[in-house]
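Some notes on the structure that comes next.
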């Protein structure tokens, strides 16, 4: 059975895998279908044994999967609802004045209705305008504006 493998078989497999991926697999089969189609194109010019065809298909499928996941995969869009239950993440980019000066890397700032502990690389006096750039556990990381 394997002795009769040719380019048409690989092309059919590639198209079948593409159709399966369209049904909602999420791109998992794109690399394998690309590998099968690439092998079908290669077999149009070169005659390979069935063992070598399987090896080449495996290599093409892995390379195709890597390329898809690295460059073409749809990345989730971060929006307000993705930060819904993470209050610290919602505060990134906000500005406020220091309620307590930053001494030895720690201080306090009031943002909205909460008093937050802040961390900064430099000591800052009370009243300095700072911007939240990130967070570490329950501490906001700020920089001077």
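Here are a few things to note about the model shown:
- The helices (runs of 4 or more DSSP H) found wholly in the range 2-115 and carrying at least 1 residues that are farther than 30 Å from residue 129 by Cβ, out of contact with any strand residue (DSSP E or B) (no Cβ under 8 Å at 6 or more places or on another chain) and in contact (Cβ under 8 Å) with a residue 24 or more places away in the chain occupy 7-22, 30-43, 50-67.
- Among (1) surrounded by 13 or more Cβ atoms within 10 Å (Cβ to Cβ); (2) within 30 Å of residue 24 (Cα to Cα) - the single one residue 107 does not satisfy: (2)
- Count - residues of the range 110-145 that are surrounded by 10 or more Cβ atoms within 10 Å (Cβ to Cβ), touching a helix residue (DSSP H, G or I) at 6+ places or on another chain (Cβ under 8 Å) and farther than 12 Å from residue 92 by Cα: 1
Laboratory data are not the source of any read-out in this text; all were calculated from the coordinates shown. Keep in mind it's a predicted model, so treat the numbers as computed, not measured. No Cβ is skipped: glycine too gets one built from the backbone with ideal geometry, and neighbour counts run over all protein chains shown.
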